[in-house]
1. List, largest first, the extents of the alpha carbons of the range 1-48 along their principal axes, each in whole Å.
2. Specify whether the C-alpha gyration tensor of the range 1-108 places it in the rounded, prolate or oblate class, a ≥ b ≥ c being the square roots of the eigenvalues: rounded for a/c under 1.5, otherwise prolate if a/b is larger than b/c and oblate if not.
3. Take the Cα coordinates of the range 6-225, assign each an equal point scatterer, and use the Debye formula without solvent to give log10 I(q)/I(0) at q = 0.10, 0.13, 0.18 Å⁻¹.
4. Express the relative contact order of the chain as a whole percentage, based on alpha carbon pairs under 8 Å and six or more residues apart in sequence.
5. Around P145, under 13 Å between beta carbons, what's the net of Lys plus Arg minus Asp minus Glu among the other residues?
6. List I8, I216 from most exposed to least, where exposure is judged by having the fewest other Cβ atoms within 10 Å.
7. Can you compute the equivalent ellipsoid semi-axes for the range 77-175, i.e. the square root of 5 times each eigenvalue of the Cα gyration tensor, sorted largest first and rounded to whole Å?
8. Report Rg (one decimal) and Dmax (nearest whole number) for the range 112-226, counting Cα atoms only, units Å.
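Since every read-out is calculated from the coordinates, none of them should be taken as a lab result. Just so we're clear, the structure is a prediction, and the values are computed from it rather than from any experiment. Counting neighbours? That spans all protein chains shown, and the Cβs are built from the backbone with ideal geometry, glycine included.
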Amino acid sequence: MRTKTNIIICPGGAYNHLSRREGEPVARTFRDMGFEAEVLKYRVREAGDAPLGLEPVRQLSAAVAEKKKINPGVPVFVCGFSAGGHLAATLGVHWRTLGLSRPDGLILCYPVITAEEGLCNAESLENIVGERERDFFSLEKHVTPDTPPTFLWHTASDESVPVENSLMFAAALRRAGVPFELHIYPFGKHGLSLATEEVAQPENGRFPDGHVAGWIRECGEWIGQL
């Protein structure tokens, strides 16, 4: 039996919508594996709104704090996809400087990480960068030994969020001495989610892939090791 663990899931969607494919299906799969899991419906940028700034990360921090209050001593992990991965990683690297709640682990699925030109996902950064400098949201620059242990996965053929995002974050974790596990799959379009039949989108080039679908089993084993 797995140790009881809470997982808060942040779907992707470039900070302007929340992908249903990266929400409840993922939470249900984690629950079937024996974890507690729920989806965070964080605020996204509506047309005409100012950039979101720190509002989403404060929402995520509040959700982590609430879980820790309800179940003291039970680990709380945050799992994010694409822009949701950026949100999870933002809390992971900036929790101390912002006075927020620290998660016990990060699960980053093809995450937006860097603000570097040519490697960033411009749409996501445009929707989040507000009163802070752009470099504040280039998360590979802010990893410290206080960053939580991290599980990352990406596909090498991702054209929307280049695989360098995960590679740069993993390299920063290595330099800081933070435990991590990194999986790079050779093929697959951005946004595969579970990479199962349930979440497939053949019309958008997102097909079931049994090899990539193994990420969540590997993630469960990684949590167990921690």
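1. Largest first, the range 1-48 extends 48, 16, 11 Å along its Cα principal axes.
2. Numbers: a/c = 2.26, a/b = 1.31, b/c = 1.73.
Because a/c hits 1.5 or more and a/b fails to exceed b/c, the range 1-108 counts as oblate.
3. Result of the Debye calculation: -0.38, -0.66, -1.38.
4. Relative CO of the chain lands at 18 percent.
5. +3
6. Values: I8 25, I216 22.
Going from sparsest to densest Cβ surroundings: I216, I8.
7. Semi-axes (√(5λ), whole Å): 19, 16, 12.
8. Gyration radius and largest Cα-Cα distance of the range 112-226: 15.2, 43 Å.
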